[in-house]
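Everything below concerns the one structure shown next.
Derivation of every value follows stated rules applied to the coordinates shown; laboratory data play no part. Keep in mind it's a predicted model, so treat the numbers as computed, not measured. In this analysis, Cβ positions are derived from the backbone assuming ideal geometry, glycine residues included, and neighbour counts consider all displayed protein chains.
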DNA sequence: GCCGTTTTCGGCCCGACTGTTTTCAGTCG
């Protein structure tokens with residue numbers, strides 16, 4: 001199986017660090033880093049692009065040289081230059097640059113003067129007090145290195161957006177209450193709604209700098225003050241989250257918000273636009289010499305650069321500028337657009353709350369309809385349903401419809417896809433259901449080709465409505481299946497099977513990149529919570545965030561439809577699917593051939 | 001190493017903080 005895009009990107013990014021250690025031209029280093037970023041965000045598999053003449057060279061930041069290196073990596077798992085460099089700078093050394101406070105310059109110095117090439121040697125030298133002797137180091141640096149090592153050994157790295165959400169809002173609310181503070185915004189990747197965040201960036205205007213910094217560094221949640229200055233202070237909270245606060249002048253608030261929201265790449269593009277006009281853009285404003293052109297609001301800055309305001313979720317320098325200039329920025333979906341949650345569990349299987357409580361919960365959120373989707377029998381430990389239990393469930397659903405008027409309840413089931421792609425329920429029982437979600441919960445380590453065939457077979461079943469958490473990943477715990485998403489999304493589009501954005505914060509599956517890809521290939525998208533308790537119905541926002549980052553609008557998402565429209569569409573799809581159920585082998589083959597024909601390039 | 005409705009050569013974003021310096025390098029975002 002070919003290397004994933006992320007793995008290719010990793011080779012480039014490590015190679016970039018090696019070049020830095022080697023004292024290479026900084027722009028050459030940047031070229032590799034930029035390429036790693038582009039590849040990491042690319043939806044289409046590089047293995048495919050590598051076979052197409054000139055396709056790699058079309059990617060931004062990829063020229064002749066890097067294209068060849070990508071082909072090398074895809075075919076052999078590495079590239080000669082990387083292997084060569086590894087002899088000089090071992091990977092453990094490269095990884096030292098990931099420690100806080102250590103960059104390539106210091107790591108190089110450590111390596112060349114003390115022969116330190118991994119974390120173990122670094123820790124030993126720091127403990128022995130040998131670092132302080134080096135130029136540019138001192139006692140404080142030595143202590144800092146030890147602390148970074150300690151953090152690196154325990155910290156999981158990034159925190160789930162959902163974990164930071166309440167902490168961030170509570171902290172912002174406390175800052176807002178300070179005397180004469182005017183505006184408080186949480187910027188950074190938090191505002192761009194990335195699924196995980198590294199730290200929080202708080203922007204504050206108004207109030208006195210000293211008072212704001214005092215309150216911030218003495219907040220109840222703060223366990224450590226990492227730095228304190230006139231415009232910026234950094235702290236670590238009890239939750240482990242690092243928070244930077246910036247106190248900015250009000251006339252600069254928009255420029256600062258823009259700057260600290262990022263992404264870095266988006267900002268660089270904006271700066272270039274400013275330079276083209278002979279201006280300069282920084283966190284204090286858009287200026288021409290001494291003269292301030294814009295800065296009070298983000299809109300003002302964008303307008304001055306001849307752009308409409310771009311939603312933070314799209315600021316990844318992955319096509320948003322082209323859309324903005326063409327006046328084609330999507331009107332992103334909002335949580336209030338959703339009319340239903342179509343993936344909910346009850347205590348009949350592994351949920352915590354009763355059927356009636358879940359339906360009431362959905363109704364309380366203002367939904368017009370919902371689907372109850374407990375597990376099927378192969379998940380035995382959850383008490384999953386077999387055919388007999390499904391028939392019993394028909395009566396339970398009818399009862400809850402009577403008990404809770406004002407919301408339509410679809411009788412659904414989350415049916416397991418068995419190892420060979422068959423469904424974990426007989427056709428007769430499936431026919432009793434209004435909404436059939438299919439999902440993989442077993443054999444997640446299947447080889448890619450086998451796993452893909454398994455999913456494709458399941459998608460072909462005429463009773464299937466949607467596929468839940470298609471990649472099967474758990475953020476920070478499980479990588480997800482090695483699937484050929486291009487083929488799966490195309491098949492889903494053909495069969496009218498919706499692909500789910502599962503809003504459980506540690507799933508977010510489909511993620512933003514996959515969701516964009518699925519949509520581009522014509523698959524319809526549904527956003528669900530997979531709630532196992534009433535309280536989890538609020539996870540919907542995290543699914544909406546992924547959809548927004550994917551550039552999806554209300555029209556692109558199935559469960560924004562009014563109930564009647566949803567039912568009409570589902571009816572039409574079911575008819576179409578049944579009509580061409582089980583395509584004969586030759587037909588399947590020719591369809592596959594058509595698929596491999598020239599693809600539209602992804603916007604990423 | 002990439003890129004080019006001025007350019008195939010000569011550019012490539014910019015400022016704050018820390019810790020070490022006594023004018024600045026390294027790191028970070």
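A few points about this structure:
- Rotationally averaged projected area of the range A:311-445 (alpha carbon convex hull; nm²): 11.5
- Pairwise Cα distances in the range A:67-119 exceed 13 Å for 63 percent of all pairs.
- Antiparallel content of DSSP bridges confined to chain A, in %, to 5: 45
- Cα-Cα P(r), chain A, percent of pairs per 20 Å interval: 17, 47, 31, 4
- 222 nm mean residue ellipticity, helices alone, for chain A (DSSP H n ≥ 4; -39,500 (n - 2.57); rounded to 500): -13000 deg cm²/dmol
- Overall form of the range A:335-595 per C-alpha gyration tensor (a/c, 1.5; a/b vs b/c): rounded
- Kirkwood Rh in Å, taken over the range A:130-245 so that all alpha-carbon pairs contribute: 15.4
- Put simply, when A:514-521, A:70-77, A:52-59, A:4-11 are sorted by average Cβ atoms within 10 angstrom per residue, most first, you get A:514-521, A:4-11, A:70-77, A:52-59.
- Considering only the range A:335-595, percent of DSSP beta bridges that pair antiparallel, nearest 5: 10
- In terms of its C-alpha gyration tensor, the range A:5-154 comes out prolate, because a/c is 1.5 or above and the ratio a/b outweighs b/c.
- For the range A:335-595: relative contact order, % (alpha-carbon pairs under 8 angstrom, 6 or more apart): 19
- Beta bridge orientation in the range A:347-500: antiparallel %, DSSP, nearest 5: 10
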